[in-house]
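Any read-out appearing in this document is the output of simple, stated calculations on the displayed coordinates, not a laboratory observation. Note that the structure is a prediction, hence the values are computed from the model and not measured. All Cβ positions, glycine included, derive from the backbone under ideal geometry; neighbour counts span all protein chains shown.
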């Protein structure tokens, strides 16, 4: 069996914007935090959550980073390559770049032989190899 999180549940938990539903979602996330239940967070859902918080709810980037890094520490939350995701959050937090660019940088920094094929010269500020096709 697989147990996945959807964007709307995470957003409801982080924004507390619906009192009626927040109680249930709060208890649910307490269970995840304590490891009583295990859920998986897919990367696409993480990116969509960040997009919704930033664009629709106008949550400042610094608060999004803090909230997401806190969520990633929950004992029952599983995500593919958590170290890369945490690195992505750190890169995004300390640079004026898009979250997807931060993810690419975090992926590439793992190995000095990795290369990014891109026309975006902003990537040259980072310790990665970039190639223009």
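Against the conditions (1) surrounded by 14 or more Cβ atoms within 10 Å (Cβ to Cβ); (2) farther than 30 Å from residue 126 by Cβ; (3) within 16 Å of the chain's Cα centre (by Cα), where does residue 37 fall short? Just the number, please.
Exception for residue 37: condition (3).
Which one of these does residue 116 not meet: (1) in contact (Cβ under 8 Å) with a residue 24 or more places away in the chain; (2) touching a strand residue (DSSP E or B) at 6+ places or on another chain (Cβ under 8 Å)?
(1) is the only condition that residue 116 fails.
Confirm whether residue 113 is assigned to a loop (DSSP other than H, G, I, E, B) and surrounded by fewer than 16 Cβ atoms within 10 Å (Cβ to Cβ).
Working: assigned to a loop (DSSP other than H, G, I, E, B): yes; surrounded by fewer than 16 Cβ atoms within 10 Å (Cβ to Cβ): yes.
Criteria met by residue 113.
Among 75, 61, which is the only one that is surrounded by 14 or more Cβ atoms within 10 Å (Cβ to Cβ), over 12 Å from residue 10 (Cβ atoms) and in contact with a helix residue (DSSP H, G or I) (Cβ under 8 Å, 6 or more places away or on another chain)? If you could, list the steps in order and put the result at the bottom.
Details: 75 fails: surrounded by 14 or more Cβ atoms within 10 Å (Cβ to Cβ).
Answer to the check: 61.
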